[in-house]
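Data block below; observations after.
The values are calculated or read from the model by the stated rules, or taken from the named source; none is laboratory data. Given the structure is predicted, the values throughout are model-derived calculations rather than measurements. Counting neighbours? That spans all protein chains shown, and the Cβs are built from the backbone with ideal geometry, glycine included.
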Amino acid sequence: MKPAPFAYHAPTTVADAVGVLAEHGDEAKVLAGGQSLVPLLALRLARFGHLVDLNRVPGLGEISRVDGHLDVGAMARQAAAERSPLTAAVPLLARALPLIGHFQIRNRGTIGGSIAHADPASELPAVALALDASLVVASPAGERVVPAGSFFVSTWTTSLAAEDVLTAVRFPVWDGRCGFAIEEFARRSGDFAVSGAACGVSLGPGDRVARVAIALFGMGATPLRAGDAEAAVLGASAADVDAAEVGRLAVASTDPPDDLHGTSAYRRTVGAHLAARALTSALEEASHG
């Protein structure tokens, strides 16, 4: 099939892109890498009267280390971030990138596009949520910064307004003795995850957990922070953490969907195992750091 007819816009500044979006409202859609949007348009599962292509806006693909953060431009290709030595400053991001689709997808897919698309089974939204990343958004009123915890609303839905443009993602760089892991289960390599977990831990004096983050994906309408599981780990000695019990706590309050890839109960079982495995790996890395 072919997409429904649309008008094509290729702005050369963020301000121009915001202006076009403000003019056309819900009839307009931002085009970044197009790896999710173009198939939806081609199958006519979505249609927009105007596409606003960001590929000619300079500066949106830059990656830099600034003030304790890794600033990743929204148009940075996933493959470019995967290859960049700067990405090593955020190990959880570095480990998530190779899991996204196939290399052909990552050659065109963008960091910002994946996060703004907000597929609940996608890796990057979960990484952003786990690390408390900040999303830099341009709008007619100026620039604002949105915490990842307030960004994801529902499946394929974020707090972005119709006239907003996501311009960058700021991933905090953790210091000290840290460990990170991301685990997922997919039917085939490159498929979206049936279930997954992203984890980061930091150890303080006495090998006690000073900081912990556990995020789940494929387990609801958005990526989810496992707050009860985090609370059970925080302050505990790394050697005393019962990872299996923490995994069960992580999924206890989730309500995953039933679909052809698995039942809700199946996803909870797999999710608990993956959360436990990610936590175990993160703790081991931090302990040897």
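Look at VAL30 and say whether it is crowded, with 21+ Cβ neighbours inside 10 Å, over 28 Å from GLU285 (Cβ atoms) and within 21 Å of the chain's Cα centre (by Cα). Please lay out each step first, then the result.
Working: crowded, with 21+ Cβ neighbours inside 10 Å: yes; over 28 Å from GLU285 (Cβ atoms): yes; within 21 Å of the chain's Cα centre (by Cα): yes.
Here the answer is yes, as VAL30 does meet what is asked.
Examine the stretch 35-58 for a residue that is at pLDDT 95 or above, under 16 Å from the mean Cα position of the chain (by Cα), crowded, with 23+ Cβ neighbours inside 10 Å and not acidic (Asp, Glu), and state whether such a residue exists.
Within the stretch 35-58, not a single residue is at pLDDT 95 or above, under 16 Å from the mean Cα position of the chain (by Cα), crowded, with 23+ Cβ neighbours inside 10 Å and not acidic (Asp, Glu).
Kindly provide the set of residues from the stretch 91-105 that are surrounded by fewer than 21 Cβ atoms within 10 Å (Cβ to Cβ), more than 11 Å from GLY33 (Cβ to Cβ) and in contact (Cβ under 8 Å) with a residue 40 or more places away in the chain, ordered by number.
Across the stretch 91-105, the qualifying residues are PRO91, ARG95, LEU99, HIS102.
List every residue pair whose Cβ atoms lie under 9 Å apart, where the two residues are 6 or more positions apart in sequence or sit on different chains, the first residue falls within the stretch 3-15 and is within 16 Å of GLY34 (Cβ to Cβ), and the second residue, located anywhere, is charged (D, E, K, R) and surrounded by fewer than 12 Cβ atoms within 10 Å (Cβ to Cβ).
Note: pairs meeting the criteria are PRO3/ARG44; ALA4/ARG44.
Have a look at ALA116, ALA126, ALA121 and point out the one that is within 14 Å of the chain's Cα centre (by Cα) and closer than 18 Å to THR87 by Cβ. Explain how you work it out, then say what you get.
Details: ALA116 fails: closer than 18 Å to THR87 by Cβ; ALA121 fails: closer than 18 Å to THR87 by Cβ.
The unique qualifying residue is ALA126.
Looking only at strands (runs of 3 or more DSSP E) that fall completely inside the stretch 134-179, which ones have 2 or more residues that are aliphatic (A, V, I, L, M), assigned by TED's automatic domain parsing to the domain that holds ALA94 and under 19 Å from GLY19 (Cα atoms)? Let's see the steps before the verdict.
On the way: elements: 134-139, 142-147, 152-154, 165-172.
By residue number, 134-139, 165-172.
Looking only at residues that are in a loop (DSSP other than H, G, I, E, B) and in contact with a strand residue (DSSP E or B) (Cβ under 6 Å, 6 or more places away or on another chain) in the stretch 180-195, which one is nearest to ALA286 (Cα to Cα)? Reasoning before the result, please.
Initial filter on the stretch 180-195 (in a loop (DSSP other than H, G, I, E, B)): 186-194.
Now narrow it down to the ones that are in contact with a strand residue (DSSP E or B) (Cβ under 6 Å, 6 or more places away or on another chain): 193-194.
Values: ALA193: 26, VAL194: 27 Å.
Of everything passing the filter in the stretch 180-195, ALA193 is nearest to ALA286 (Cα to Cα).
Residues checked against (1) aromatic (Phe, Trp, Tyr); (2) surrounded by fewer than 16 Cβ atoms within 10 Å (Cβ to Cβ); (3) at pLDDT below 95; (4) touching a His at 6+ places or on another chain (Cβ under 6 Å):
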site	(1), (2), (3), (4)
ASN107	no, yes, no, no
VAL136	no, no, no, no
VAL146	no, no, no, no
VAL153	no, yes, no, no
PHE180	yes, no, no, no
PHE185	yes, no, no, no
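Check ALA88, ALA81 and return the single one that is over 18 Å from SER36 (Cα atoms) and either surrounded by fewer than 18 Cβ atoms within 10 Å (Cβ to Cβ) or free of Cβ contacts under 8 Å to residues at least 24 places away in the same chain (or both). Step through it out loud before you land on a result.
Values: ALA81 fails: either surrounded by fewer than 18 Cβ atoms within 10 Å (Cβ to Cβ) or free of Cβ contacts under 8 Å to residues at least 24 places away in the same chain (or both).
The match here is ALA88.
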